[in-house]
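**Student:** Below are the C-alpha cells for one structure; questions will follow.
The values are calculated or read from the model by the stated rules, or taken from the named source; none is laboratory data. What you see is a predicted model, and the numbers here were worked out from it, not measured in a lab. Every residue, glycine among them, receives a Cβ derived from its backbone with ideal geometry; neighbour counts consider all protein chains shown.
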Amino acid sequence: MKKLILSMALIGASSVAEAQAPARPAAAASAGDAAFGARMLGEASGEQIFTRVCAACHMQDAKGAEGAGRYPPLAGNQKLAIGAYPAMVVVKGLNGMPPIGTMLTDQQVADVVNYVRSHFGNKFKGAVKAEDVKAMR
Amino acid sequence: MNEPIMPMTKRDLLSMIGTAAGASAMYMAMSSMDQAKASDFKGPPKLEGDNKGASVLILGAGVAGMTAALELSRAGYKVQVLEYNDRVGGRSWTLQGGDTYTELGGATQTCQFAPGNYINPGPWRIPWHHHGLIHYCHELGVALEPFMQVNYNAYVHNTKAFGGKPQRYRHIQADFYGHVGELLAKSVNAGALAQTVSKEDGEILLEALRSWGALDRNMRYVKGAASSGRRGYDKEPGGGLSAVPEPSDPIDVQTLLRSGLWRSIGGNLQWDHLSTIFQPVGGMGQVAKGFERAVGHMVRKNSKVTAIHQDEKGVIVTYKDTKSGAVMKAAADYCLCTIPLPVLAQIEMNVSPELDAAIRAVPYSTSVKVGLEFKRRFWEQDDQIYGGITYTDLPMSQISYPSTRYGDKGPGVLLGCYVGGAAGYELTASTPAQRVEKVLEWGSQIHPQYRGEFMNGVSVAWHRVPFTLGCFGSWTEQTRAEHYKNLCKFDGRILLAGEHASYYGGWQEGGITSAIDAITRLHQRVIAG
C-alpha cells in the first residue's frame, strides 16, 4: 500500500487548482495528505472534493452511471444511512474504486462523506467525525 | 536568459521538486507500477496433444481474449468470444475523424479530426522488449513504425523555474550531465573518492567523466565547443562567410538543480522508454484489426455478460444483447474471462472466496487523454519539434507530438494531456468541453500558438469508459502478495487473463502473456483428462 500511496502522491503533485492559482502557497497539511495532491485537496471542502473527485465516477448529480458495470448512485442510496460505511469505502476503496481517502485528511474524509449524506436529496442523520475516520486508517 | 530563482528554504525546494516531478513521476506510475522486466514471451504456445474436442468460452475481445482465441482455435478447441462493445480490441483503440464515443454519464463526442489524424486513448507505445505483442503484430500484418519517445528538442517545463519559460530537453540534459561530471571530477581530483577509487581507476574515471559530461581540457563544463556540441549553439554552424558558430551558455548549476527539470531525464532512462519503441501505423486500433482478421468470426459483439455459472459439467454464461435487450446463454467446458476487474466484481459468479476477494482487491487507476487538432503543425514549423514528448508540471503533465507524417501541411493532432492522479480525477469529473478548454489554457503556457491554431479536441477519461470503469489494475506489493496467485489460478473451470493478471500493469504485453500462460495451463489440464 505504501508504494501505491507514494505513486499517487507523485501523480498528484501538480494539480488543476494549483495551475489556476500558481501563487498560492502549498497548503499546510498533515503528513499523510501532504503525500497526495496536497495543493489541490489540502484545503478542499467536502463539496469541492465531491465535485473534483467523487463526481468523476458517481457523476455531478450523484446518480451514478451504468455501462458494462455500474457506478452506484449516491443520491438516495440507503447504504449511506450509517456514515461509517461510506467513510470506510472512501478510506479503503471498494472493488475497482481506488482508496480515495489516501489523498485526504481524516477531516476531509468526514467532510465529503457528510456532504454527500446531506445533499442530493439525502437527509441522513449523524455526522461522521475525523476521529471516526482516523480509526479506520 | 536564465532568471535566478528566489532564495528558498529547503522545505520550499523539496516541495517544488515534488511538483516538478509531476510529468515523469506520472509516467513512472503509469508504466512501472510494477518492476519493469523483459517479457517472458517465448513464442506462441505449443498446445499439442488431444484436446478431446473441448470448448472454451472467452469473455472479452481485447488483446488477451483474442490472443487466447487465436491460439486455442489453432489447437482445435471450439472457441466463442463474447464482447460488450460493438467493436473488438478493448483498450487497443484509436479515435479518428467520424468516430463517436459515449462515456458514462452520457456525454457523446464525435471526433472531428481530419483524415489520417488520430489519438490512441489507451496504449500507444510498444517497447522493443514486448516480444509477444510484436510477434502478433508481425504475424497479423500490423505494420509498425517508430514511436518517438525522447526528443531532445522538445521541452521540459516547470512553472516555477526559469520564469515559467519552457526549456529545451537537450539543454537540461547536457547541462545536468556536464555539471555532475565536473563536480565528480573535482571530487576525484581532491582525493575525496580515494577510499573507494584507486589512483589508476580515478584516472579512468576522469576520462570517462570528460567524455560523458562534455568537459573541457581542464575538466570544466563551460561555454565552448564541447558543451555546445551537446546542448547546441546559439548560432548554428553554417557555410561560407557566415559559417562561424556561436557557442551557447550553459545554465548554472544552482539554477539547474533547483529547477527540478532533471526529473524528466530520469524518466526517459526507464526500461519501458528505451529505444526502439514502436507504434502501429494508423493507430493502436490496427492491433485490434489485425486480431479481428484472424479471430473476428468467433466474436459476438454487443454482448453484456451478467452471470457466470460453473458446475462439474461446464460453464454457463448469461449475457444480454445490448441492441435487442434479449437475454441469452452460452455454454462451454471452460471459461477464460478477461473482463476488467471493476466490471467483473459486479457480475454474479460462483467462484472460490479467494478468487472473489482477489477480483475485489485491485483498484483501477485513473487516466485522462485529450487529443487536440490544430490548423497546422506549429510545433514542427515554429519550434522544430518532430515527435517526442514535452514534460511539464502543469496538470496535463505532458504534450506528445505525432511520430508520423512529419512536414505535413494539413491539420495536425497532438496529445495535449496524459495524466492520472488528482488532476486526472478533476478532468474526469469535468465535461468533455471543459477538459479541452483546460488543456488549451495550460498548453498555451508552453505553446502560445494553441489558441490561434486550435480546431477541435476529443478526450477519454478512463474512469468514464463504460467497458472498463478505469484505466488499468493498480497492484501494490501487499495486494500482489495476498491476491495475485489467487487471481491467476484455475478456479473450477474458470481462468482469468488480462493486463490485471500480469506484472505489466496497463500494458498490452500483460494481456498477451497472461492469456498464453492461462491457456497453456488450461491445455495441460485438458490433455491430462
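**Student:** Give just the number: which of (1) assigned to a helix (DSSP H, G or I); (2) not assigned by TED's automatic domain parsing to the domain that holds B:Met148 does B:Arg435 not satisfy?
**Tutor:** The single condition B:Arg435 does not satisfy is (2).
**Student:** Return the residues of segment A:106-120 that are assigned to a loop (DSSP other than H, G, I, E, B), surrounded by fewer than 18 Cβ atoms within 10 Å (Cβ to Cβ) and not hydroxyl-bearing (Ser, Thr, Tyr); say none if nothing qualifies.
**Tutor:** Of everything in segment A:106-120, just one residue is assigned to a loop (DSSP other than H, G, I, E, B), surrounded by fewer than 18 Cβ atoms within 10 Å (Cβ to Cβ) and not hydroxyl-bearing (Ser, Thr, Tyr), namely A:His119.
**Student:** Can you pull out the strands (runs of 3 or more DSSP E) entirely within segment B:307-425 that have at least 2 residues that are in contact (Cβ under 8 Å) with a residue 12 or more places away in the chain, assigned by TED's automatic domain parsing to the domain that holds B:Ile516 and surrounded by fewer than 24 Cβ atoms within 10 Å (Cβ to Cβ)?
**Tutor:** The qualifying strands (runs of 3 or more DSSP E) are B:315-321, B:327-332.
**Student:** For B:Gly470, indicate whether it is surrounded by 24 or more Cβ atoms within 10 Å (Cβ to Cβ), facing chain A (nearest Cβ under 10 Å) and more than 28 Å from B:Asn158 (Cβ to Cβ).
**Tutor:** Taking the combined requirement at face value, the residue satisfies it.
**Student:** Are there any pairs with C-beta distances below 6 angstrom linking a residue in segment A:78-104 that is within 11 Å of chain B (Cβ to nearest Cβ) to a residue that is surrounded by fewer than 20 Cβ atoms within 10 Å (Cβ to Cβ) and outside any loop (DSSP other than H, G, I, E, B), with the two at least 6 apart or on different chains, and if so which?
**Tutor:** A:Pro99/A:Lys92; A:Thr102/A:Ile5
**Student:** Starting from residues that are β-branched (Val, Ile, Thr) and more than 24 Å from the chain's Cα centre (by Cα), keep the ones in segment B:53-89 and report whichever is nearest to B:Arg521 (Cα to Cα).
**Tutor:** B:Val56
**Student:** Anything in segment B:151-180 that is among the charged types (D, E, K, R) and either in a helix (DSSP H, G or I) or farther than 23 Å from B:Pro402 by Cβ (or both)? List them, or say none.
**Tutor:** Those that are among the charged types (D, E, K, R) and either in a helix (DSSP H, G or I) or farther than 23 Å from B:Pro402 by Cβ (or both): B:Lys160, B:Lys165, B:Arg170, B:Asp175.
**Student:** OK, next. Could you say which residue among B:Lys78, B:Lys52, B:Lys46 is within 25 Å of B:Trp507 (Cβ to Cβ) and either basic (Lys, Arg) or free of Cβ contacts under 8 Å to residues at least 24 places away in the same chain (or both)?
**Tutor:** Sole residue among the options that is within 25 Å of B:Trp507 (Cβ to Cβ) and either basic (Lys, Arg) or free of Cβ contacts under 8 Å to residues at least 24 places away in the same chain (or both): B:Lys46.
**Student:** Could you grab me the full set of residues in segment B:474-509 that are among the polar types (S, T, N, Q), farther than 16 Å from B:Asp40 by Cα and out of contact with any Pro (no Cβ under 8 Å at 6 or more places or on another chain)?
**Tutor:** Selection gives B:Thr476, B:Gln478, B:Thr479, B:Asn486.
**Student:** Inspect segment B:439-460 for any residue being more than 24 Å from the chain's Cα centre (by Cα), closer than 30 Å to B:Gln310 by Cβ and part of a helix (DSSP H, G or I) and give the result as yes or no.
**Tutor:** The answer is no, given that none of the residues of segment B:439-460 is more than 24 Å from the chain's Cα centre (by Cα), closer than 30 Å to B:Gln310 by Cβ and part of a helix (DSSP H, G or I).
**Student:** Answer yes or no as to whether B:Ser397 is within 11 Å of chain A (Cβ to nearest Cβ) and closer than 21 Å to B:Leu261 by Cα.
**Tutor:** Yes: the conditions hold for B:Ser397.
**Student:** Out of segment B:99-124, which residues are surrounded by fewer than 20 Cβ atoms within 10 Å (Cβ to Cβ), touching a residue at least 40 places away in the same chain (Cβ under 8 Å) and within 14 Å of another protein chain (Cβ to nearest Cβ)?
**Tutor:** Matches in segment B:99-124: B:Tyr101, B:Thr102, B:Ala107.
**Student:** Condition first: in contact with a helix residue (DSSP H, G or I) (Cβ under 9 Å, 6 or more places away or on another chain) and closer than 28 Å to A:Pro98 by Cα. Now tell me which residues in segment B:436-456 satisfy that.
**Tutor:** B:Lys438, B:Val439, B:Trp442
**Student:** Another question, if that's okay. Filter segment B:470-486 down to the residues that are over 24 Å from the mean Cα position of the chain (by Cα) and in contact (Cβ under 8 Å) with a residue 40 or more places away in the chain and list them by number.
**Tutor:** The answer is B:Glu482, B:His483, B:Asn486.
**Student:** Another one. Being touching a residue at least 12 places away in the same chain (Cβ under 8 Å), over 30 Å from B:Gly232 (Cβ atoms) and within 11 Å of chain A (Cβ to nearest Cβ) is the requirement here; does B:Trp442 meet it?
**Tutor:** No.
**Student:** Restricted to segment B:313-338, and to residues that are touching a helix residue (DSSP H, G or I) at 6+ places or on another chain (Cβ under 9 Å) and within 14 Å of chain A (Cβ to nearest Cβ), which residue is nearest to B:Arg493 (Cα to Cα)?
**Tutor:** The selected residue is B:Cys337.
**Student:** Give the residues of segment B:97-142 that are assigned to a strand (DSSP E or B) and under 30 Å from B:Glu71 (Cβ atoms), sorted by residue number.
**Tutor:** Across segment B:97-142, the qualifying residues are B:Tyr118, B:Ile126, B:Pro127.
**Student:** From (1) closer than 20 Å to B:His130 by Cα; (2) charged (D, E, K, R); (3) crowded, with 24+ Cβ neighbours inside 10 Å, pick out the condition that doesn't hold for B:Glu83.
**Tutor:** (1)
**Student:** Follow-up. Would you be able to say whether some residue in segment B:149-162 is under 30 Å from B:Phe291 (Cα atoms), of a type in the set (S, T, N, Q), buried (at least 18 other Cβ atoms within 10 Å of the Cβ) and touching a residue at least 40 places away in the same chain (Cβ under 8 Å)?
**Tutor:** Taking every residue of segment B:149-162 in turn, at least one turns out to be under 30 Å from B:Phe291 (Cα atoms), of a type in the set (S, T, N, Q), buried (at least 18 other Cβ atoms within 10 Å of the Cβ) and touching a residue at least 40 places away in the same chain (Cβ under 8 Å).
**Student:** Output the residue which, of all residues in segment A:87-105 that are assigned to a helix (DSSP H, G or I) and over 10 Å from the mean Cα position of the chain (by Cα), is surrounded by the most Cβ atoms within 10 Å (Cβ to Cβ).
**Tutor:** Taking the candidates together, the pick is A:Met88.
**Student:** Just name the residue that is surrounded by the most Cβ atoms within 10 Å (Cβ to Cβ) out of those in segment B:230-252 that are in a helix (DSSP H, G or I) and within 32 Å of the chain's Cα centre (by Cα).
**Tutor:** B:Arg231
**Student:** List pairs: first in segment A:62-76 and closer than 16 Å to A:Tyr115 by Cβ, second of a type outside the set (Gly, Ala, Ser) and not in a loop (DSSP other than H, G, I, E, B), Cβ under 6 Å, 6+ apart or cross-chain?
**Tutor:** A:Leu74/A:His58; A:Leu74/A:Val116
**Student:** Shifting gears a bit: Inside segment A:55-75, can you point out the residues that are surrounded by fewer than 22 Cβ atoms within 10 Å (Cβ to Cβ), touching a helix residue (DSSP H, G or I) at 6+ places or on another chain (Cβ under 7 Å) and at the interface with chain B (Cβ under 8 Å from one of its Cβ atoms)?
**Tutor:** Residue satisfying the conditions is A:Gln60 alone.
**Student:** Conditions first: (1) assigned to a loop (DSSP other than H, G, I, E, B); (2) surrounded by fewer than 17 Cβ atoms within 10 Å (Cβ to Cβ); (3) at pLDDT 95 or above. A:Arg137 passes all but one, so which condition is the exception?
**Tutor:** Only one criterion is unmet by A:Arg137, namely (3).
**Student:** Quickly run through segment B:484-506 and pick out the residues that are within 13 Å of another protein chain (Cβ to nearest Cβ) and assigned to a helix (DSSP H, G or I).
**Tutor:** Selection gives B:His500 alone.
**Student:** Filter segment A:26-53 for residues that are at the interface with chain B (Cβ under 8 Å from one of its Cβ atoms) and not in a loop (DSSP other than H, G, I, E, B); which is modelled with the lowest pLDDT?
**Tutor:** A:Arg39
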